[in-house]
Structure formats: C-alpha cells, structure tokens
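Since the structure comes first, as structure tokens, the remarks are kept for the end.
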Amino acid sequence: MDEQALAERLMAYDTSRPEGVVSAAEFVKGWLEARGVSVESIDHYGLPVVLAETGPVDGPVVVLHGHLDVVPAFEEQFEPRVEGDRLIGRGSYDMKGGLAAMLLALHDAGGQDAVRVRLACVPDEESEDVDRRSTDMLVATGALDADFAITGEPTDLHIGIQAKGVLALRVEVRGTAAHGSTPWLGDNAILKAYDVFRRIETLPFSRQSSDLFDRPSINLARIMGGDAFNKVPDRCGMDVDIRYLPGQDPREILDQVGELPDVEVLRSLHRAPAIVSRHNPYVLALRDAVSRSVEGEALSIGRDGASDAIAFLEAGVPAVEFGPVGAGHHGPDEWVSIASLACYRRALGDFVSGLPGWLARHEDGQAPPALRAVGGEAPG
C-alpha cells in the first residue's frame, strides 16, 4: 500500500466523532499487526491510543507522533478526491496524510538495527480539553520516553522549531436588559461583545512580534448571548482563541483583557509555546535527511498552530513539527500534495537510517552550521 492509498483509507473515517476514532484506530492497529510490527492499544478516557515500535532496544529512540482526530466537517469531506497532485478532504493535511507516511516509515524502519522507532497515534490532539491529553499522559508515564520526537503536523516539509502558545479565554460581557421593543433603553451585551473583541485585537500584546512571528493570532471562536426573543441581552459570552508568541507572558495578556470595561474573564486554558534549539543535533540530522529528499534547503519555521510537541519539550525531550506539503487545514478545501507524502516518508527513513552515523561524526562537539531560520534567528 502506498502513501496515497493509506491516507485515503484513514480519511474515510469521520474521526471528528468518537466512534470514527475507534474504528480508525482499529484499522491502524490491524494494519501494523498484519505487517509484523509490535503494536498495542490502550484506553484513554474511552478513546484508543495506538502505540507501536520497531528496532533495537539499546539504540537512540525516536518517536513519530501523529493524531487520528480531526475537526468537524460535512459528510462529503470524508470522501477523498484527487485533483492532479492534490489529495483533498478532511484530514488530508492535518494530519492523516502525514500519519499514513509515518506508518509506512515505521514499517520501513524494521529493516534497520540501530535506532529504536516508536509510533504514537493519539485520538485527541484537536480536543479542547487540554488538561487530559493522551500525549501528556504518555510522556508523563514514560511510555514515550525518547531522545527525539517528530510530530507530523503540516509544515510543508520544513522543520517547525517554534510554535505559538495557546491562551483560550471564556469572556463575559455585561450590558443592561430592556424590552425588545425599546432597545434604546438597554445596553445590548451581544453588540458590546463584538466591540470588546475588536478592542482585544488592539491591546498592546497584539502588536508585538518575534524573530519567527509577525504577531500573535486572535480568533473569535464562539459567541453565546441572549435568553429571550423580546429582551435586550444583558449578558454575552465569548470564546477567544489567542495564540501568543514565545517570550510573551500569558498573565500579562490576561491582565490586559481583564482591564477592559464591563468584561470578566470566566475561564482560561493555557498551553505554553514550543521552542527547540535549531542547533540540536537531532534537528540538524533531520535537516540533512530532509535536504536529501527535497529540492532546496530545509528551513526552520515558526508554526502559528499549537501541537503536542510541547508535551515532549516540557519533559526535556527535544521535539519538532515536521509534515508534508498542503494547505487549507480546518477549512473546506483541505488538501495535501501526494508527491510530498512520498518525500516525507523518504525523509523520515533517511533520518532514521542516517542518524547513528551522523551522531558519531559529530560526537567530538564540532557542530555543523545551524539550521537556517525563516524570518530571523531562532533562539538557541
């Protein structure tokens, strides 16, 4: 089975729903078992996590990390279609195309005896419940102990060494109730909420930048207000998704939002930014492997979206985001380049096969040139 065919099989499961995740995980487990790969499935709050590994027990350990779950989509988006080099459908880019290539790369790695390769296929990367992610649990319990981790989030075959942090806010805006027939006697909280969001977009933190990012990302994700047809609403709730920059303090952002008039922050969820040194030897070894598989130089980039890479980084395991070429993730026309899936699989294989020799050549401490950053120098 090639990368495209395996990706299409995975994309056909509606994994925005728990039952779809369960079915897809059963397929992944069966696919690996049929190819002689050591695999197990464990339960995490009713959802399956698939773990597999190959290679020697005493070599350097590399984790390939992917997720099965996707954001909701219309039914037809789970019917993959091909237009030229584009494989189109929900999850093609984020990240079932990359996961398919990872599964094949894991199978390919069975032919070498120098690197232990572990695969973690998780069911909840897209979940809003950041307090009980399966990746956090696996890393904390040592099930994913490793020397290096690659999570297959979409990066267009570049190496993501930074990702923005997440600050998700539930904000309540207060107004004044009145009869719906006399709205001028009240103060409409829903209308005020939109104005509050526009003010959040202009707060001091929103105008800051960093070496790899022009600015933070601020999205009005949900708005909830009104409890009667004939009443001016006096309460309105908003969910605001803020992706803040490495170096910014989420507490300062909270303070700035909380100082706005008639606004109360009811709840906040926080996930730290991801940062790994572009001088890290495993990052540089991956750079060399990617450069052999694609045209041009592999670059380090900053990712606007967050990922489970932070779970590894917080445990002291260097981790990057690295995935195939495409666009439109979480949108109606999501696609992945079919040709890039083969490049991605080959780059992962070259990384695994070349890693022991690369580490041996540079164990004298003479570091090669660092990975070049897009837009500036990443912190070392």
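Return V276, V336, V122, V196 ranked ascending by Cβ neighbour count within 10 Å, so the fewest neighbours appear first.
Least crowded to most crowded, the residues run V196, V276, V122, V336.
Each Lys or Arg adds one and each Asp or Glu subtracts one; over the other residues with Cβ under 12 Å from the Cβ of I310, this totals -2.
Relative intensity of segment 220-264 on a log10 scale, I(q)/I(0) at q = 0.28, 0.30 Å⁻¹, equals -1.10, -1.14, per a Debye sum over C-alpha point scatterers of equal strength in the absence of solvent. Each stretch of four or more DSSP H residues adds -39500 (n - 2.57); spread over every residue of the chain, this sum gives -9000 deg cm²/dmol at 222 nm.
Restricting the calculation to Cα atoms, every distinct pair contributes to the Kirkwood radius of segment 67-174, found to be 16.7 Å. For the chain, the antiparallel share of DSSP beta bridges with both residues in that region comes to about 75%.
Each residue of segment 113-118 was assigned a 3J(HN,Hα) from its phi angle through the Karplus curve 6.51 cos²θ - 1.76 cosθ + 1.60 (θ = phi - 60°); the sequence is 10, 10, 10, 7, 10, 10 Hz, with glycine and proline shown as x. Ranked for footprinting exposure by Cβ neighbours inside 10 Å, fewest first, T155, T176 give T176, T155. Between S277 and R174, the contour length at 0.36 nm per residue exceeds the alpha carbon distance by 32.6 nm.
List the DSSP H helices in the chain whose Cα atoms stretch 15 Å or more along the helix axis and whose mean Kyte-Doolittle hydropathy is at least 1.0. What comes out of the filter, once short or polar helices are dropped, is 97-108. Mean sequence separation of contacting Cα pairs (under 8 Å, at least six apart), scaled by the length of segment 165-271, corresponds to a relative contact order of 44 percent. The aspartates and glutamates whose alpha-carbon is closer than 15 Å to the alpha-carbon of K231, local same-chain residues fewer than 8 away aside, are D187. Within the shell defined by Cβ-Cβ distances under 15 Å, the residues around G180 carry a net charge of -2, with Lys and Arg each +1 and Asp and Glu each -1. Under the simplified labelling scheme, the E128-E26 pair shows an inter-label distance of 2.9 nm, with each label point 7 Å from Cα along Cα→Cβ. When the Cα atoms of segment 1-60 are aligned to their principal axes, the ranges along those axes come out at 39, 32, 20 Å in descending order.
From least to most packed, judged by other beta carbons within 10 angstrom and beginning with the fewest, C236, C121 follow the order C236, C121.
Maximal additional length on extending the T141-L359 stretch stands at 75.7 nm, based on 0.36 nm per residue less the C-alpha distance. With each label modelled as a point 7 angstrom along the Cα→C-beta vector, the H330-D2 pair spans 3.2 nm.
Just R17, R118, R278 to compare: in a GNM of the chain, with alpha carbon springs under 10 Å, which one fluctuates most? Among R17, R118, R278, the largest mean-square fluctuation in the Gaussian network model of the chain belongs to R17. For segment 165-271, a Kirkwood hydrodynamic radius built from all Cα pairs, placed in the Stokes-Einstein relation at 37 °C and 0.692 mPa s, yields a translational diffusion coefficient of 226 µm²/s.
Which FRET efficiency, nearest 0.05, do D85 and M224 yield, Cβ-Cβ r, R0 41 Å?
0.50
Would you work out the relative contact order for the chain, in percent, from Cα pairs under 8 angstrom that are 6 or more residues apart? Computed over the chain, the figure is 23 percent. Counting only lysines at least 8 places from K29 when in the same chain, those with an alpha carbon closer than 21 Å to its own are K96.
All of the numbers you see were taken from the coordinates with simple rules; none came from a lab. Just so you know, these numbers come straight off a predicted model, no measurement behind them. In this analysis, Cβ positions are derived from the backbone assuming ideal geometry, glycine residues included, and neighbour counts consider all displayed protein chains.
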